[in-house]
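Here is the structure we will look at.
The values are calculated or read from the model by the stated rules, or taken from the named source; none is laboratory data. Fair warning: this is a prediction, and the values are worked out from it, not measured in the lab. Cβ: placed from backbone, ideal geometry, glycine included. Neighbour counts: every protein chain shown.
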Amino acid sequence: MSEAASPLRANLPEFSVSEIAGALKRVVEDTFPFVRVRGEISNLKFHSSGHVYFDLKDEKACLNAVIWRGTAQKLKVRPDHGLEVVCTGRISTYAGSSRYQLIVEQAELAGLGALMAMLEERKKKLASEGLFAAERKKPLPYLPGVVGVITSPTGAVIRDIMHRLNDRFPRRVLLWAVPVQGERAAAEVAAAIRGFNALKADGPLPIPDVLIVARGGGSIEDLMAFNEEIVVRAVAESRIPLISAVGHETDTTLIDLVADRRAPTPTAAAEMAVPVRAELLSQTMELERRHLRAFSRAMSDRRQKLSSLVRVLPRAEQLFAQPRQRFDIASEKLGNALRQNLNAHRTHFLKTSALLRPRPIARHVEVCLQRTDVLGRRLTQSHRGHLAAARKRFESLSRILESVSYRAVLSRGFALVRGDDGGLKRAAAAIRPGERLELAFADGQRAAVADGTPAPKPARKPTPQSGSQGSLL
């Protein structure tokens with residue numbers, strides 16, 4: 001039996017592992033050159049190289065799939081865990097791990113229900129964090145000086161916004177160009193929002209007073225960039241009020257829920273951003289007319305009220321009649337009172353003069369003169385004593401002043417240095433080169449200019465050797 005088997009084994013061809021892998025690869029790729037596969041995404045991995053690896057699975061099987069970097073950047077649908085998609089591509093094998101895989105060329109949602117379920121779950125998650133709360137929304141400025149627009153630089157959206165702004169109230173517009181569809185759209189829109197908020201007040205570009213994120217209409221897949229969590233969080237973090245104008249009036253994205261205002265179209269967003277200049281001028285003029293009418297009406301009412309009060313007031317003769325009569329009566333009483341007072345003083349004077357005699361008057365005058373002399377001598381002595389004590393105190397204070405006065409120091413050869421401002425210079429470091437100085441000596445003052453070089457130290461006298469007698473000269 002072994003002898004019969006050996007010729008059979010000798011007739012079988014021998015393959016290497018690479019040859020078998022290559023043959024299988026050709027068979028698989030020839031059999032499935034182009035297929036559409038429906039399944040749920042799992043084990044999703046975004047590689048640093050830009051490639052995307054994941055598994056497509058259903059209830060019974062699992063298929064490895066890969067999206068190369070160039071294809072991943074063009075996909076309308078961003079792969080996500082649990083998302084049901086239909087992938088179009090070709091079946092191939094990977095010899096390194098003996099497995100077959102789907103090379104994805106295109107991906108689309110398997111059904112609207114799956115996408116809506118995913119968006120609803122994301123919406124609940126963000127709402128639980130309070131990102132959609134009404135109290136977080138900021139009011140829009142009435143008349144912004146600068147409007148920031150985040151949209152595609154080409155297309156009708158930016159033209160509609162600029163046209164509407166120019167019609168209503170021309171403002172300065174800063175455009176941050178971003179893709180509004182595709183793999184990079186969400187990251188660049190979020191970066192634009194954060195970039196506008198990061199502008200400095202003293203920078204080359206002004207900080208916008210309001211932002212508009214705009215995009216034209218499209219399918220739900222086209223608007224997926226504005227449902228991404230990174231965009232929603234960037235809008236929530238924005239310190240600048242933001243208007244969302246994504247899609248048409250019937251389109252609703254997550255950015256609409258977190259924005260401070262939602263506009264149904266980009267044109268409506270421009271209308272929300274600025275008022276109508278003509279209407280503003282008309283309102284201003286109307287307010288001015290109303291103000292003038294109210295002022296005129298108030299002045300007329302006050303004039304009528306004043307006229308009514310004037311008619312009620314009495315005439316001048318009536319106002320001064322009674323005071324004039326009281327004055328006449330008082331003047332008559334004053335004359336009689338003066339005469340009675342004069343008579344009373346005359347009677348008192350006559351009685352007092354009758355009591356006076358010549359001798360008592362002379363004696364009284366003599367006593368007063370003697371007392372005056374005594375008081376005068378006491379006053380003179382007291383005055384001289386005070387003067388002597390004051391002189392002694394003055395002389396003592398003068399001697400103390402001389403002992404502590406800086407003039408005594410100046411007389412010993414020192415000088416007082418002042419700067420241009422009259423301030424004292426207490427240290428050499430306080431003097432600047434070229435500064436004008438004033439030197440005060442005991443006998444006068446001189447001006448000088450500092451040259452900035454330190455003065456040489458005086459030569460020290462030689463110290464006599466111990467045990468030798470120094471010269472007296």
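Looking at the range 176-196, which of its residues are within 13 Å of GLU237 (Cβ to Cβ) and aromatic (Phe, Trp, Tyr)?
Within the range 176-196, just PHE196 meets the criteria.
Pick out, from the range 312-419, the helices (runs of 4 or more DSSP H) lying fully within it that include 2 or more residues that are among the β-branched types (Val, Ile, Thr).
316-355, 358-404
Where the second residue is surrounded by 13 or more Cβ atoms within 10 Å (Cβ to Cβ) and assigned to a loop (DSSP other than H, G, I, E, B) and the first is of a type in the set (S, T, N, Q) and lies in the range 399-424, which pairs have Cβ atoms under 9 Å and are six or more apart or on separate chains?
Hits for this filter: SER411/ALA442.
Does ARG99 qualify as being under 23 Å from HIS47 (Cβ atoms) and loosely packed, with under 15 Cβ neighbours inside 10 Å?
Against the criterion (under 23 Å from HIS47 (Cβ atoms) and loosely packed, with under 15 Cβ neighbours inside 10 Å), ARG99 qualifies.
Considering the range 147-161 alone, what residues qualify as being surrounded by fewer than 18 Cβ atoms within 10 Å (Cβ to Cβ) and touching a residue at least 12 places away in the same chain (Cβ under 8 Å)?
The answer is PRO153, GLY155, ALA156.
For the range 183-222, how many residues meet the condition of being over 18 Å from ASP251 (Cα atoms) and in a loop (DSSP other than H, G, I, E, B)?
So the count comes out to 14.
Filter the range 73-114 for residues that are closer than 16 Å to ALA225 by Cβ and not in a strand (DSSP E or B) and give the result.
Residues satisfying the conditions are GLN73, LYS74, LEU75, LYS76, VAL77, ARG78, PRO79, ASP80, LEU83.
I need every pair where a residue in the range 50-78 that is on the phi > 0 side of the Ramachandran plot has its Cβ under 6 Å from the Cβ of a residue that is surrounded by 15 or more Cβ atoms within 10 Å (Cβ to Cβ) and among the small types (Gly, Ala, Ser), sequence separation at least 6 or different chains.
Pairs that qualify, where the first residue is on the phi > 0 side of the Ramachandran plot and the partner is surrounded by 15 or more Cβ atoms within 10 Å (Cβ to Cβ) and among the small types (Gly, Ala, Ser): there are none.
Scan the range 275-290 for residues that are surrounded by 12 or more Cβ atoms within 10 Å (Cβ to Cβ) and free of Cβ contacts under 8 Å to residues at least 12 places away in the same chain and jot them down.
GLN283
Taking LYS60 as the residue in question, decide whether it is modelled with pLDDT under 90, surrounded by 15 or more Cβ atoms within 10 Å (Cβ to Cβ), assigned to a loop (DSSP other than H, G, I, E, B) and not polar (S, T, N, Q).
Spelling it out, it is not the case that LYS60 is modelled with pLDDT under 90, surrounded by 15 or more Cβ atoms within 10 Å (Cβ to Cβ), assigned to a loop (DSSP other than H, G, I, E, B) and not polar (S, T, N, Q).
Identify all residues within the range 141-185 that are farther than 30 Å from TRP68 by Cβ, polar (S, T, N, Q) and more than 32 Å from the chain's Cα centre (by Cα); write none if there are none.
None - no residue of the range 141-185 is farther than 30 Å from TRP68 by Cβ, polar (S, T, N, Q) and more than 32 Å from the chain's Cα centre (by Cα), so the list stays empty.
If you go through the range 213-252 one residue at a time, how many are over 13 Å from LEU126 (Cα atoms), β-branched (Val, Ile, Thr) and out of contact with any Pro (no Cβ under 7 Å at 6 or more places or on another chain)?
Within the range 213-252, residues that are over 13 Å from LEU126 (Cα atoms), β-branched (Val, Ile, Thr) and out of contact with any Pro (no Cβ under 7 Å at 6 or more places or on another chain) number 6.
Of the residues VAL27, VAL66, which single one is at pLDDT 80 or above, assigned by TED's automatic domain parsing to the domain that holds THR93 and in a helix (DSSP H, G or I)?
Sole residue among the options that is at pLDDT 80 or above, assigned by TED's automatic domain parsing to the domain that holds THR93 and in a helix (DSSP H, G or I): VAL27.
Give the residues of the range 31-50 that are surrounded by 14 or more Cβ atoms within 10 Å (Cβ to Cβ) and touching a Ser or Thr at 6+ places or on another chain (Cβ under 9 Å), sorted by residue number.
Within the range 31-50, PHE32, VAL37 qualify.
Output the number of residues of the range 178-208 satisfying the condition of being of a type in the set (A, V, I, L, M) and in contact with a strand residue (DSSP E or B) (Cβ under 8 Å, 6 or more places away or on another chain).
Matching residues across the range 178-208 total 7.
Looking only at the range 203-212, count how many residues are at pLDDT 90 or above and over 13 Å from GLY145 (Cα atoms).
Total meeting the criteria: 2.
Just give me the residues in the range 143-161 being modelled with pLDDT of 90 or more and not hydrophobic (A, V, I, L, M, F, W, C), in sequence order.
Answer for the range 143-161, where residues must be modelled with pLDDT of 90 or more and not hydrophobic (A, V, I, L, M, F, W, C): PRO144, GLY145, GLY148, THR151, SER152, PRO153, ARG159, ASP160.
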